[in-house]
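S.K.: Could you have a look at this structure, given as C-alpha cells, before my questions?
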Amino acid sequence: MAEKDLGYRRVQCTGRGSYIISLPKDWIQNVGLKRGNEIDFIVQPDLSLTLIPRKIREKHKGDEQTKLREYYISVDTAEEKESTLRMIKALYVISADIIRVHFKGENVDKFKDVIKNFARDTLLGAEIIDEKPDEITLQILIKHSEFPIENAVRRMAVVALSANRDSILALKNRSKELFQSVINAHHDTNRLGLYAVRQLKFGIERNLFRELGFKTPKEFLLYRIIVNDIKSISENALNVINSLATLQKQIDEQLLFIKDPIDEEVYSQLLTFNSHAQQLFEDSLKAMFKKDYFDAEKIITKRENFTQLENELIKLMASKKLDPNIATILRLMLDNSRRLMDHAQDIAELTLNRTVEEICTTLEVK
C-alpha cells in the first residue's frame, strides 16, 4: 500500500496526567481493529512513533521465525580450502540459518573433515544436519533470543581473562596443560566473538536495538569495539604461550641453556601488576553493563595511577641481570598487562559517552 497522509490530530489531556489522541476511522477499519484490541508503539531513533496492531506484528514475527535464511556454496576441491572457510564464516556472521556446501572434484572426504572441524571449533551453535557423498549441510541451531549478546560478551571476557592469567603462570610452570588451556581459551573467545558479531549484524539489519537491551542504535558500535578488545586479550595471551613453547622446545633439545632461575622479585611484581590490570578490566565491564557513569570515571583515574607502578617494574627489570630470552618474554607479559589496562580505559570512556546525557541537564540556547 502506498503512503497516505491522514492529516494532523490534536493531542488532548485527560486531566489525570495522561495524553490521548484519536485514531483515524478509515485506518481502524482497514486494519480490522475493534474495541479492546492492542497496538504496539515503537519509538524510532528520531523520536517518531510507529503504530503496529498486535495481530499484524505477531504475524510478521511468526513469518520471520519460520522463514530460514538458506545459502548454497559450490566448491572445487582443487581450490584453496581457506577461501571456502572464509565464505562459510561470512555467511555465519550475516545470520545464515542453513549453509549447503556442494563439492566437485576429488578428495571430497578430506575437504568435508576440514569443514566439520572448522564448524565445531569456530561457529557457535553450528551442527551438521545432513551429509551426502558430494554435499554437506550446516545449520545454525542456536537462536538469537537463547543466548543474548550481553551474556556472550560476559562469557567471552571470563574466558579471555583466564587465558591471560594462565599465560603468565606458564612462565614458571611450562606444562602442556597450561599451554593447551590458553589455546582452548583462545578458540572459545573467537567463537563467542564471532557469535556476538552475528548478533550485532542481526540486530542492525532489523533495527532491534531495544530487543538486544540497547537504548539507542549507537550501542551497536560500542559492543563491536568491546568484542575486538576482548579478542585482543586472548590473542596476546596466545602470543606469550607460543613464545614460551618455542623457548621450552629449545631447552628440551639443548639448543638453549637458561643459566639462572626466574627472578622471584620481578615475577612477583609482574603477577601483582597483571592482577591489577585484570581487576581494572573487570570493573570497566561492570560499569559498562550497569551503565554507571561515575564508576567508569573512577576507572580512568585508576588507570592513570598505575602508570607509576608500570615504570617501577620496568626499572626493576632493567636493574636485574636477566637472561635475554626470559627478559623478552617478561616484557611481552608486561606489555599485555598494560594493554589490558588500556582496554579497560577504552571501555570506561565508551561508557561515559553512553551515559553522559543521562546525568547532564540539556541546556537550550535561545
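Rule-based calculations on the coordinates, nothing more; no lab input. Quantities reported herein were computed from a predicted structural model and do not represent experimental measurements. Virtual Cβ from ideal backbone geometry, glycine too; neighbours counted across all protein chains shown.
S.K.: Against the longest alpha carbon principal axis of the chain, how many degrees, from 0 to 90 and to the nearest 10, is the axis of helix 176-206 turned?
M.R.: Helix 176-206 sits roughly 20 degrees off the main axis of the chain.
S.K.: Find the Rg to Rh ratio for the chain, where Rh is the Kirkwood radius over alpha-carbon pairs and Rg uses the same atoms. Intermediate values should be presented prior to the final figure.
M.R.: On the way: Rg = 27.2 Å, Rh = 24.9 Å.
Checking Rg against Rh, the ratio lands at 1.09.
S.K.: Let me check against my output: what whole-number percent is the relative contact order of segment 81-216, with C-alpha pairs under 8 Å and at least 6 apart? Display every interim value, and only then the final one.
M.R.: Details: 141 pairs, mean separation 37.4, N = 136.
Reported relative contact order: 27 percent.
S.K.: Report the per residue volume, in Å³, of the convex hull enclosing the C-alpha atoms of segment 268-340. Don't skip to the answer; put the middle values down first.
M.R.: Numbers: hull volume 4.9 nm³, N = 73.
That works out to 67 Å³ per residue.
S.K.: Quick one: helix 293-319 against the long Cα principal axis of the chain, what's the angle to the nearest 10°, folded into 0 to 90?
M.R.: 10
S.K.: To continue, here is another question. So for segment 149-359, considering every pair of alpha-carbon atoms, how many percent are separated by more than 28 Å?
M.R.: Values: 7675 of 22155 pairs.
Everything past 28 Å amounts to 35 percent.
S.K.: Continuing with this model, one more query. Among Cys360, Asn239, Leu322, flag the residue with its Cα farthest along the positive direction of the charge dipole of the chain, charges on Cβ as +1 for Lys/Arg and -1 for Asp/Glu.
M.R.: Cys360
S.K.: Find, among the GluC sites (Glu not before Pro) in segment 70-106, those assigned to loop by DSSP (not H, G, I, E, B) with at most 14 other beta-carbon atoms within 10 angstrom.
M.R.: Values: sites: Glu70, Glu79, Glu80, Glu82, Glu106; in loops: Glu79, Glu80, Glu106.
Filter output for segment 70-106: Glu79, Glu80, Glu106.
S.K.: Moving on to the next point. Anything over 32 Å Cα to Cα? Flag those among Lys116/Lys286; Lys89/Lys176; Lys116/Lys201; Lys218/Lys298, in the order listed.
M.R.: Numbers: Lys116/Lys286 36 Å; Lys89/Lys176 30 Å; Lys116/Lys201 24 Å; Lys218/Lys298 23 Å.
Over 32 Å Cα-Cα: Lys116/Lys286.
S.K.: Shifting gears a bit: So which GluC sites (Glu not before Pro) in segment 124-209 pass both tests, a DSSP loop state and at most 15 other Cβ atoms within 10 Å of the Cβ? Mind dumping the intermediate values first?
M.R.: On the way: sites: Glu127, Glu131, Glu135, Glu146, Glu150, Glu177, Glu205; in loops: Glu146.
Those satisfying the criteria are Glu146.
S.K.: With a cap of 15 neighbouring Cβ atoms within 10 Å, and only residues DSSP puts in a loop, list the chymotrypsin sites (Phe, Trp or Tyr not before Pro) found in segment 177-266.
M.R.: Working: sites: Phe179, Tyr195, Phe202, Phe209, Phe214, Phe220, Tyr223, Phe257; in loops: Phe209, Phe214, Phe257.
Here the sparse-neighbourhood loop sites are Phe257.
S.K.: Just to be sure I follow: if Rg is taken over the C-alpha atoms of segment 158-218 and Rh is the Kirkwood radius over the same atoms, what is Rg/Rh? Can you show the working numbers first?
M.R.: Details: Rg = 16.9 Å, Rh = 13.6 Å.
Dividing the radius of gyration by the Kirkwood radius yields 1.25.
S.K.: Tell me the volume per residue, in Å³, of the convex hull enclosing the alpha carbons of segment 302-366. Working shown, then result.
M.R.: Values: hull volume 6.2 nm³, N = 65.
With only Cα atoms used, segment 302-366 gives 95 Å³ per residue.
S.K.: What is the pair-distance distribution P(r) of segment 66-140, computed from all Cα-Cα distances in 5 Å bins starting at 0, with each bin given as a whole percent?
M.R.: Final binned percentages: 3, 16, 32, 28, 14, 5, 1, 0.
S.K.: Explain nothing, just the number: relative contact order of the chain, from Cα pairs under 8 Å at least 6 residues apart, as a whole percent. Show your work: numbers first, answer last.
M.R.: Details: 391 pairs, mean separation 42.4, N = 366.
Dividing the mean separation by the residue count of the chain yields 12 percent.
S.K.: A further question follows. May I ask for the net charge around Leu212, where only other residues with Cβ less than 11 Å from the Cβ of Leu212 are counted and Lys, Arg are +1 while Asp, Glu are -1? Let's see the in-between values first.
M.R.: Values: positive: Arg206, Arg210, Lys215; negative: Glu150, Glu211, Glu219.
Charge balance in the 11 Å sphere: 0.
S.K.: Under 5 Å between amide H atoms, partner at least 5 residues away or on a different chain: which partners does Val75 have, H built in plane at 1.01 Å?
M.R.: His102, Phe103, Lys104
S.K.: Through the Karplus equation 6.51 cos²θ - 1.76 cosθ + 1.60, θ set to phi - 60°, convert the phi angles of segment 343-359 into ³J(HN,Hα) values in whole Hz; use x for Gly and Pro.
M.R.: Couplings: 4, 4, 5, 4, 5, 4, 5, 5, 5, 4, 5, 6, 10, 4, 5, 6, 10 Hz.
S.K.: Continuing with this model, one more query. Which value at 222 nm does the chain reach when only helices count, each DSSP H run of 4 or more adding -39,500 (n - 2.57), with the total divided by all residues and rounded to the nearest 500 deg cm²/dmol?
M.R.: -21500 deg cm²/dmol
S.K.: For segment 151-264, what relative contact order do you get, as a whole percent, if you take Cα pairs closer than 8 Å and at least 6 residues apart? List each step's numbers first, then the result.
M.R.: On the way: 102 pairs, mean separation 39.9, N = 114.
The normalised contact order for segment 151-264 reaches 35 percent.
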